Amino acid sequence: MFGTKKTKHTPLLMAQEKFDTLIGRHAEIHGCLKLQESVRIDGKVVGNIEAPHDAAISVVIGPTGEIQGDVIASRIIVAGKVSGNLHGFERVELMASALVQGDIQYASMAMEHGARLLGRMLQVEEAVAPLGLALEAPAGLGLDAQAAIRKAKTTGQND
């Protein structure tokens, strides 16, 4: 009625990404990855993946990819498994095959039917630090999901 019809097989629209770093499906890396460019992960990473806040860096976890640690980047796309928190400064996308066991902080979010999340989701502004990290923020701005939930509950009640 209003345009292109979506079917259960219609994927989220993904921009053309250029990956200078690929972690293959048989690779296993232990340690923290500090990114300067976008990366696609089809193997296993045990450790945090961090990109600078001021860089437009994407982290794509392919269907065979597995992360055991936190992922902090401008754009995060998950089609595999993540056991850790996600913080997408710009956008987080969960494909139908995604399994995330951790909390998600995002500015913009997209999720396909079938994606699984065992954690909390919190939309945040750019001034907010990633989960578990301290950053100076305006007074009264909650830095974790529990604070946001408490604030929502208290402001929704009549005084």
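The values are calculated or read from the model by the stated rules, or taken from the named source; none is laboratory data. On a predicted model such as this, the values are computed, not experimentally measured, just so you know. So basically every Cβ, Gly included, is an ideal-geometry build from the backbone, and we count neighbours across all protein chains shown.
Summary of values
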quantity	calculated
Residue in the stretch 62-72 that is acidic (Asp, Glu), touching a Gly at 6+ places or on another chain (Cβ under 8 Å) and modelled with pLDDT of 95 or more present	yes
Test for VAL78: is it modelled with pLDDT under 95 and β-branched (Val, Ile, Thr)	no
Single residue of the stretch 61-114 satisfying the filter (part of a loop (DSSP other than H, G, I, E, B) and of a type in the set (D, E, K, R)) that is farthest from ARG25 (Cα to Cα)	ASP103
Checking GLU50 against (1) within 12 Å of the chain's Cα centre (by Cα); (2) modelled with pLDDT under 95; (3) among the acidic types (Asp, Glu), the condition it does not meet	(2)
Residues located in the stretch 54-100, provided they are in contact (Cβ under 8 Å) with a residue 40 or more places away in the chain and more than 17 Å from GLU112 (Cβ to Cβ)	SER58, ASP70, ILE72, ASN85, HIS87
Positions within the stretch 37-64 being of a type in the set (S, T, N, Q) and either farther than 19 Å from ALA98 by Cα or touching a Cys at 6+ places or on another chain (Cβ under 6 Å) (or both), in sequence order	SER38, ASN48
